[in-house]
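These notes are about the structure you will find just below.
The values are calculated or read from the model by the stated rules, or taken from the named source; none is laboratory data. What you see is a predicted model; the values in this text were computed from it and never measured. All Cβ positions, even for glycine, are placed from backbone atoms using ideal geometry, and neighbour counts span all protein chains on display. When the accessible area is computed, the model is the full protein with side chains, heavy atoms only, and any ligands, DNA or RNA have been set aside. Shrake-Rupley method; radii C 1.70, N 1.55, O 1.52, S 1.80 Å.
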Amino acid sequence: MSLTSRILIAMGLGLVVGAMFNLVESQGWLAGVYDSWLDRFLVNGLFDLGGQVFVALLKLLVVPLVFVSLVCGTASLGDNSRMGPMAGKTLLLYMATTAIAITLALLAGVLVQPGAGFNLTTDVAFEAAQAPSLKEVLLGMVPTNPIQAMAEGNMLQIIVFSLLVGIAMSKTGEAGKRVASFFNDLNDVILRMVVILMNFAPYGVFCLIARLAADLGLEAFSNLLLYFFTVLFVLFLHGLGTYALALKALTGLNPVMFYRKMKSVALFAFSMSSSNATIPVTLKAVRDELGADNRVASFTIPMGATINMDGTAIMQGVATAFIAQAYNMDIGLGGYMMVILTATLASIGTAGVPGVGLIMLSMVLQQVGLPVEGIALIIGVDRLLDMTRTAVNVCGDAMVTLAVAKSEGMLDEERFNEDPTGLATVKKPA
């Protein structure tokens, strides 16, 4: 049975088991027994432990994988480094897809009107975290202590340090070649660890989904169904429409093959709700299945996990329209244009900040004069939407990686077109 099938089965079983526990608790069928045993030892015990251990193991691999892989990729570029043009293309594509994502979200929010009829006043409370200034963001990208950056998982600082090490290795002659050989061997070892860990993925996914389903009842989002499904619709539209068109236009590759090979990664990202935790799986799929050269993938995937927030931008667009409608406030066409600009720039400016989605949304709302307190209305369903947002984000990371690799002549199209079952090879479209 394929990994995708096992993860799907694990997700389904986790959802059923968790929903059963939630029903038992809400109906009080096992009052006393549930709280003292089922909830303590299974839901918040075994399920929580299994899920957290699996996520912790994934996070264990993130920093060494990103550091070693990016050093190898940068060093292999040699003296004629293409890192500058690659970085420019990557940043431009990530910002372009984010702008498209929030534009689609705003259009859907205005057409569907998910907040109409709420007629709210500012009587709910939400404490918005302080967003960093541009100066703080730029200073925060430069590592003063690379060991501390790795310990804290500061991806931007790790990327900068990795680039510096790789460039220095490529310009150090024989000594650099000896160090590069060590890093290449270390990279093979880390990738083998990823393969080993993936064998335990279905069990970790089951525990995570079961715990989530047991904790969240339908009442958490019953009053926000229109908002919920509007965000979900735009996420699917962007993930399956925008990326497919962009992939075809920029590379000429078959989008169907792309999604076939990305389905395991997307499911994995959905269950993890973390682009950073999914980096090892995304990086392996992009290189081994989709044919992107490590010199490109080792840069674009970690960068995308840090700054590519298309899914979050979609949430912000629909949420902005929803809150404006709920409070009967019209921000006009100029206000919506400001939302697009602010959210696109904020996706980079707040990279690596804890609670980044809500910080970005608070920035957007303040920019157009909407009450930040409205964020409290959507928190109840945000956890469920976050899972889909992550799946969309990792597909965007992979699409941009293929586009950059194609433009740099570093894409193995024969590997991309290989049938994932290994039974046939798909012919390149004319």
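For L164 paired with V256, estimate the spin-label separation in nm (one decimal), with each label point 7 Å from Cα along the Cα-to-Cβ line.
4.9 nm
What are the equivalent ellipsoid semi-axes of the range 182-338, built from the alpha-carbon gyration tensor (square roots of five times its eigenvalues), in whole angstrom, biggest first?
Ellipsoid half-lengths, sorted descending, are 33, 22, 14 Å.
Order the peptides 64-72, 367-375 from the highest to the lowest mean number of other Cβ atoms within 10 Å of their residues.
Packing proxy ranking, top to bottom: 64-72, 367-375.
Ranked highest first by average number of other Cβ atoms within 10 Å, how do 146-154, 174-182, 225-233 line up?
Most protected by this proxy first, the peptides run 225-233, 146-154, 174-182.
Along the range 236-248, what does the Karplus equation 6.51 cos²θ - 1.76 cosθ + 1.60 (θ = phi - 60°) give for ³J(HN,Hα), rounded to whole Hz, x for Gly and Pro?
5, 4, 6, x, 9, x, 4, 5, 5, 5, 5, 4, 5
Fully extended, how many nm does the chain gain between V189 and S26 (0.36 nm per residue separation, minus their Cα-Cα distance)?
So the extension gain works out to 53.9 nm.
Taking the Cβ-Cβ separation of K248 and W37 as r and a Förster radius of 56 Å, what is the calculated FRET efficiency to the nearest 0.05?
After rounding to 0.05, the efficiency reads 0.55.
As an exercise, use a Förster radius of 25 Å and the Cβ-Cβ distance of L345 and L384 to find the FRET efficiency, rounded to the nearest 0.05.
Rounded to the nearest 0.05, the efficiency is 0.35.
Per residue, how much accessible area does the range 36-116 show when a 1.4 Å probe rolls over the protein heavy atoms, in square angstrom?
43 Å²
Using θ = phi - 60° and the Karplus curve 6.51 cos²θ - 1.76 cosθ + 1.60, what whole-Hz ³J(HN,Hα) does each residue of the range 180-188 get, with Gly and Pro shown as x?
Those phi angles translate into 4, 4, 5, 5, 5, 5, 5, 5, 4 Hz.
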